[in-house]
Amino acid sequence: MVHDKPTAAEQPPGSTLTLLDGADGAGPVLRTVLPGGLRVVTEFLPGVRSAALGVWAAVGSRDEDAVHAGSTHFLEHLLFKGTRRRTAMEIASLMDAVGAEHNAFTGKEYTCYYARVLDADLPLAVDVLGDMLTGSVLEPREVEAEREVILEEIAMVDDEPGDLVHDLFAETLFGDSPLGWPILGTPETIGRLGRDRIMEHYRARYRPADLVVAVAGNVEHDAVVDQVRAAFAPALGAAEAAGALPCGPRLGTEPDPARTAVQVRSRTTEQAHLVLGGTGLARTDDRRFALGVLNAALGGGMSSRLFQEVREKRGLAYSIYSFTSGYADTGSFAVATDCQPAKIDDVLAVCLDQIGDVAAHGITEEELVRGKGQVRGSFVLGLEDPQSRMSRLAKSELVYGTLPSVGELLGRIDAVSADDVRAIAADVLARPRSLAVIGPYHADREFAV
């Protein structure tokens, strides 16, 4: 892996560094650190006529305290609502006029504003996103209007138990902590967030040193750097004067110990919705490749154990899958499914039996080969478009701190052995488990975990 490259904080301001030399069939990956700490990372992709642009901020919902809960996602909405130079309608009209795909999303550990455009329209996209990130005014009337929109978004999730159960699982697993809080906030937290609190969050978290501009496609690095320097000029001057350096990859603290917990939310639904699991691995844990193979074998596809045992052999559910998530200091590994309410105990019994068997004995050689192939294929296929390549560049700066080549990562997957999977299964699958259930049950109904 590429450990000998200087970090962004070690790179002299204004200089350009080659992070990858183009060994993956694309052009080189280059990084320039502008004075003030803003990072620009690009990858040239031959054979495309488009560019994917992302401005990533090193702030997510887990960075909120109780006073600011929900403000990261609230702010994501508000940055589209007008700047000192443009109204919200002008922002939307400019992007629509060039056929841009543009939006934003908030995660637990980062926020991204993105646009995919024709290569010739990249300067416009950089200018518009730079204006949004540095010049938004957060007008009080827009705050109040968007508050209602977010309350509608929360209500929409609340009406979708298949989505809501994942928020309930995070709360069950991580408790009353920022990782356990919903990214959208709650009606109560959104209702009490005022403009001053949101502006406070904006000023503290959207400094140039906390931002990465990532671009992949038919682009020329120096031209992109010039465009970014111009678009972010209002913020770069003050940051440069303060001697700001790029923030490093997010470092986690020691996570809370795992626990066994069950939460049941009573709803009159036609199906029961459940997520069963426990803590997993931090995002940069070297064992994550073995965990990925384990995930594929246990519940990652139609040939997986859970799909075969729960759906194919017993007909207990239409869909069942396992999944992993990784953060700076912890993660989760869980199983999700929906079933008829009367079948939930049978579904849980099969899941627990399969989890216990894999924890005790690992997986077969056939499952190992199939699992590695699935992880390898999904990884490579996931990098076949500019948007995914852009995301990889940004995450390498914000959460990983290094950018290995595709070949290096494929080598890490191929190196996973049956013993590696057995060891990670014995660890992760034997940890205390939490269960979140939404369905027509009393809140105190007991379930096996």
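Candidates A216, Y321, I154 compared by Cα position along the dipole of the chain: farthest toward the positive end lies A216, with charges placed on Cβ.
Here the dipole of the stretch 72-200 is about 540 debye; that uses its Cα centre as origin and unit charges on the Cβ of Lys and Arg (positive) and Asp and Glu (negative).
In the neighborhood of Y318, defined by Cβ-to-Cβ distances under 10 Å, what is the net charge if each Lys or Arg adds +1 and each Asp or Glu adds -1? Mind showing how you got there, number by number?
Numbers: positive: R311; negative: D338.
It works out to a net charge of 0.
Phi angles across the stretch 120-131 convert, under the Karplus curve 6.51 cos²θ - 1.76 cosθ + 1.60 with θ = phi - 60°, into 3J(HN,Hα) values of 5, 9, 4, x, 5, 4, 4, 5, 5, 5, x, 5 Hz, Gly and Pro given as x.
Principal-axis analysis of the Cα atoms of the chain puts helix 365-381 at an angle of about 20° to the longest axis. The lysines within cross-link reach of K343, meaning a Cα-to-Cα straight distance under 26 Å and a gap of 8 or more places when in the same chain, are K313. Rounded to the nearest 10 degrees, the inclination of helix 161-174 to the longest alpha-carbon principal axis of the chain is 90 degrees. For the stretch 29-89, the square roots of the Cα gyration tensor eigenvalues, ordered a ≥ b ≥ c, give a/c of at least 1.5 with a/b greater than b/c, which places it in the prolate category. Between helix 221-231 and the chain there is an angle of about 80 degrees, using the helix long axis and the longest principal axis of the Cα atoms.
In terms of its C-alpha gyration tensor, the chain has an oblate overall shape, because the principal axis ratio a/c (a ≥ b ≥ c, square roots of the eigenvalues) is not below 1.5 and a/b does not outweigh b/c. Counting charges near T72 (Lys, Arg +1; Asp, Glu -1) among other residues having Cβ under 13 Å from its Cβ returns a value of -3.
Suppose R0 equals 41 Å; then what is the FRET efficiency for A66 and A242 from their Cβ-Cβ distance, rounded to the nearest 0.05? Step by step, r from the Cβ atoms, then E = 0.90. For the stretch 60-72, the Karplus equation 6.51 cos²θ - 1.76 cosθ + 1.60, evaluated at θ = phi - 60°, returns couplings of x, 5, 6, 8, 8, 9, 4, 5, 9, 4, x, 6, 5 Hz by residue, with Gly and Pro reported as x. Simple rule: put +1 on each Lys or Arg Cβ and -1 on each Asp or Glu Cβ in the stretch 225-313, find the dipole, and look at N295, Q271, Q227; the Cα lying farthest toward the positive end is Q271.
Once the C-beta distance of S15 and R192 is scaled by a Förster radius of 60 Å, the resulting FRET efficiency is 0.85 to the nearest 0.05.
The HN-Hα couplings worked out from phi for the stretch 341-358 by the Karplus form 6.51 cos²θ - 1.76 cosθ + 1.60 (θ = phi - 60°) are x, 6, 9, 5, 5, 5, 4, 4, 4, 5, 4, 5, 5, 5, 4, x, 5, 5 Hz, whole numbers, x standing for Gly and Pro. Springs join every pair of Cα atoms under 10 Å in this Gaussian network model of the chain, and among L179, L276, L151 the largest mean-square fluctuation is at L151. Here the dipole of the chain is about 320 debye; that uses its Cα centre as origin and unit charges on the Cβ of Lys and Arg (positive) and Asp and Glu (negative). Charging the Cβ of each Asp and Glu at -1 and of each Lys and Arg at +1, and nothing else, the dipole of the stretch 261-439 about its Cα centre rounds to 360 debye.
We did not get these values from a lab; they are worked out from the coordinates using the rules stated. Fair warning: this is a prediction, and the values are worked out from it, not measured in the lab. Note: ideal-geometry Cβ built from the backbone for every residue, glycine included; neighbour counts use all protein chains shown.
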